[in-house]
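The values are calculated or read from the model by the stated rules, or taken from the named source; none is laboratory data. Treat the numbers as computed from the prediction; the structure is a model and nothing was measured. Positions of Cβ are backbone-derived with ideal geometry, glycine not excepted, and every protein chain shown enters the neighbour counts.
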């Protein structure tokens, strides 16, 4: 697989930030398919959203992928992305895309909302699904976070699973970021959700 320097490729995947970039990069390397595209982090959802029309209209563009968190209201995220696609002259029919959206035209456009295109949440919930089945530390990581009294939690209830994931990552032989844990096989890319995402990447870029 190959990645190019930002701004040099006619095939791009727009992401919110460096965590997304590293997770996708390591998944693609382990999958070993002949991917070739530029991953472009946009420093947050708002900047990603506002870049969509510009990136699609950029001269020479062949493929534009859009990877964003669903956050609390997936339908709202879909509507915001479809609005930006409409501004770029791309009409999207339908409102449910459980396997990700692919618009096969020029440029080809794809959209994936983390974790699974339907449920509210984010990248970390996608990565949680990559923890190997039966991992003995995962339940302990969950219990550790759940055992913190409410008044001592600096995170909201919606970020509880995120905290559990980072507690689990801290128990690795060398505490790792999400992408690095994929590269060292602490996380498994063969589960159904990750393979659905890989399938979307293949339909988009191969």
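A compact table of results
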{"quantity": "Identity of the residue in region 143-165, without any contact (Cβ under 8 Å) to a residue 24 or more places away in the chain and surrounded by 18 or more Cβ atoms within 10 Å (Cβ to Cβ), that ends up nearest to residue 100 (Cα to Cα)", "calculated": "163"}
{"quantity": "Residue count, region 92-119 (criterion: surrounded by 13 or more Cβ atoms within 10 Å (Cβ to Cβ) and within 23 Å of residue 62 (Cα to Cα))", "calculated": "14"}
{"quantity": "Test for residue 60: is it under 29 Å from residue 183 (Cβ atoms) and not in a helix (DSSP H, G or I)", "calculated": "no"}
{"quantity": "Flag if residue 53 is under 26 Å from residue 158 (Cβ atoms), outside any strand (DSSP E or B) and touching a helix residue (DSSP H, G or I) at 6+ places or on another chain (Cβ under 8 Å)", "calculated": "no"}
{"quantity": "Within region 91-181, helices (runs of 4 or more DSSP H) holding 2 or more residues that are closer than 30 Å to residue 12 by Cβ and modelled with pLDDT of 95 or more", "calculated": "123-128, 160-169"}
{"quantity": "Within region 186-206, considering residues that are assigned to a loop (DSSP other than H, G, I, E, B) and in contact (Cβ under 8 Å) with a residue 60 or more places away in the chain, the one nearest to residue 34 (Cα to Cα)", "calculated": "206"}
{"quantity": "Count - residues of region 53-75 that are under 20 Å from the mean Cα position of the chain (by Cα), free of Cβ contacts under 8 Å to residues at least 40 places away in the same chain and farther than 25 Å from residue 194 by Cβ", "calculated": "1"}
{"quantity": "Candidates 151, 199, filtered to the one that is more than 30 Å from residue 104 (Cα to Cα) and either out of contact with any strand residue (DSSP E or B) (no Cβ under 7 Å at 6 or more places or on another chain) or in the same structural domain as residue 131 (by TED's automatic domain parsing) (or both)", "calculated": "151"}
{"quantity": "Given (1) surrounded by fewer than 19 Cβ atoms within 10 Å (Cβ to Cβ); (2) in the same structural domain as residue 178 (by TED's automatic domain parsing), number of the condition residue 130 does not satisfy", "calculated": "(1)"}
{"quantity": "From the options 5, 33, residue that is in contact with a helix residue (DSSP H, G or I) (Cβ under 9 Å, 6 or more places away or on another chain), in a loop (DSSP other than H, G, I, E, B) and either modelled with pLDDT under 95 or surrounded by 20 or more Cβ atoms within 10 Å (Cβ to Cβ) (or both)", "calculated": "33"}
{"quantity": "Selection count, region 65-79, where residues are touching a strand residue (DSSP E or B) at 6+ places or on another chain (Cβ under 9 Å) and over 15 Å from residue 20 (Cβ atoms)", "calculated": "3"}
